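The values are calculated or read from the model by the stated rules, or taken from the named source; none is laboratory data. Model, not experiment: these values are computed from the prediction. A quick note on method: Cβ atoms are made from the backbone with ideal geometry, for glycine too, and the neighbour counts reach across all protein chains shown.
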Amino acid sequence: MTNLEDFTLFPRGREVPFGGRIETCPTCGRNGVEERPECGNPQFVHRQISRVFADGMRTDALEACALREH
């Protein structure tokens with residue numbers, strides 16, 4: 001099963017399950033979800049794809065802007 005999520009279509013302030021809150025990207029001005037992983041670079045995700053496999057689920061950003069670390 002594959003699921004494509006386009007956060008640019010959601011209104012600002014909406015809560016996304018397992019994603020966070022829809023906000024405006026400080027880099028490009030489009031809507032998306034901010035991600036600040038423990039290991040990896042922070043980014044603002046605009047579109048992502050989730051795939052379900054026999055051993056779990058994998059989610060990858062398809063379109064994202066890099067963020068500066070605070």
TODO: Hey, could you check segment 6-36 for residues that are closer than 23 Å to Met57 by Cβ and small (Gly, Ala, Ser) and say which is modelled with the highest pLDDT?
DONE: Gly32
Task: Unique residue being surrounded by 15 or more Cβ atoms within 10 Å (Cβ to Cβ) and among the β-branched types (Val, Ile, Thr) when the list is Val33, Val52 - done: Val33
TODO: Would you please name the residue that is surrounded by the most Cβ atoms within 10 Å (Cβ to Cβ), looking only at residues in segment 36-49 that are hydrophobic (A, V, I, L, M, F, W, C) and not in a loop (DSSP other than H, G, I, E, B)?
DONE: Phe44
Open item on the list: Anything in segment 2-20 that is surrounded by 12 or more Cβ atoms within 10 Å (Cβ to Cβ) and assigned to a strand (DSSP E or B)? List them, or say none.
Closed with: Glu5, Asp6, Val16, Gly20
